[in-house]
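Accompanying notes for the structure given below.
Values in this text are rule-based calculations from the coordinates and carry no lab data. Just so it is clear, the model here is predicted, and its values are computed rather than measured. Glycine also receives a Cβ, built like all others from the backbone with ideal geometry; neighbour counts cover every protein chain displayed.
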C-alpha cells in the first residue's frame, strides 16, 4: 500500500464520519481562531497607531513638560493607597521643579536661543476639545479639537493646505481671529465645494473666525481624527481660550535624520537654563520623538498578544486530548477493518500511516477553518480603524505548523495501537 493509498483511505474515513470530524475540527479551530483573531486585530491597531502618532517625520521631535503615558484598563483596588502615593508624588514634583507646565515666555525664549543649523521650531498650544463649529447653514457635532500654532506648525505636524494659505507672521503675533479648517470640518460646513470656505466666517464655540485655509486630509484613525480640527494661531488660543491652562509644546525639525540625536542634545542644553535648572537637577521636561508614543502603546498591546498565545496554547492542548480520544474510538470501531487489511498484506507501517494521516488531516482542517475565521473577523478592527487588510503571515504559518504537530502527536498512540493488533483476533472482533 502506497502513501497515496493510505491518504485516500484516511480521507474516505474522515468523510464517512462527518459529525465526529466536524466537532473535532471546531475544537481545534477555536484555539487557532482566538490566536489569529487577536494577532490580526493587534496588527491592525498597530498600523493605526503608527499613522496616528507619527504626525511628524522621523527627523523631528517635540519638547513637553511631561511624558505622555497611555495605559489600557485600570485597577479598582487600593484606591486610597494610590491617592496617598499621588499626593506624595505631587509634593516631590513641586519641590524638584518637575511637572511644571511650559510657559509662553519659556517657549519664546527657546525659540530665540535655539540656533541649530537648518532646524525649524514651532510653538503650539492645545485649545478646547469637543467644540461645535457652525455657519448660518450647517454645524458640526461637538467633536472638533482646537489647536494653536505658528507659521511652522503645519509643516512640523504633517499637514498640507488644500485651499487658501498659511498664517502670516502678523496674524500669528497679533492673534486675530483667523483659522484653518480640517478637511472633515470643511466638508461638513461646505459640502458642495470646500473651496468656498475661504474668507467665510465660522463660529468656533460661538466665537467668529475668518477662514484663511482648508487643510488636506492626511488620514485618520479611531485613536485620533486628524481632519476634525481647527487650527488658529498660538496667540489667539492664548487670548481667547486662556482658561484651558494647557502647557505649550515645542516642535523641532532638523534637516538631516543623522543629526537628530545631536539636535536633541542641543535642545536639552538650551532649555535647561530656561527652565531654571541647576547642574545637578534632573530635566523637568521630556523630549518626545515622533514615534515614541506609538512604541509605548505597542508595548501595551504586546502584553495582550502574550496572553492570547497562552489561551490558544491551553485550547490546543485540550483539542489534542480530544483528537486522541476520538482516534482511539476510531481504532476500536475499525478493528475488524484493520484485521482485513493485515490479512490482505497490509503492514504495520500502512496502518500507522493511515491513522496518522487521518489525525493530521483533521487537525489541519481545524487550522484552516480557525485561520480563515480569525483573519476575517480580525480585519473588522482594520475596517473600524481605517487601515488596510491585515494578514499575519508569520502567525498563519506558525498556526499551521502547530496544528500539524498537534495532529501528529494526537495520532501517534492510536496509530501505534492499531498497527499492533493481531490480524486473527481483529478479524474475529465483533
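Kindly rank 232-238, 401-407, 279-285, 108-114 from highest to lowest mean number of other beta carbons found within 10 Å of each residue.
Descending packing order for the listed peptides: 232-238, 401-407, 108-114, 279-285.
Would you mind calculating the gained length between residue 138 and residue 195 on full extension (0.36 nm times residue separation, minus the Cα-Cα distance), in nm to one decimal?
18.9 nm
Can you check what the Kirkwood hydrodynamic radius comes to for segment 127-175, Cα pairs only, in Å to one decimal?
With all distinct Cα pairs of segment 127-175 included, I get 12.8 Å.
For Cα pairs less than 8 Å apart in space and 6+ apart in sequence, what is the mean separation divided by the residue count of segment 129-272, i.e. the relative contact order in percent?
For segment 129-272, the relative contact order is 29 percent.
Could you give me D for segment 176-286, from Stokes-Einstein at 10 °C and 1.306 mPa s, where the hydrodynamic radius is the Kirkwood radius over C-alpha pairs? Units µm² s⁻¹, please.
It diffuses with D of about 92 µm²/s by this estimate.
Inverting the mean 1/r over all pairs of different Cα atoms, compute the Kirkwood radius of segment 245-286 and quote it in Å.
By the Kirkwood definition, the hydrodynamic radius is 11.8 Å.
If you wrap segment 306-430's Cα atoms in a convex hull and average its projection over all directions, what's the area in nm²?
That works out to 9.0 nm².
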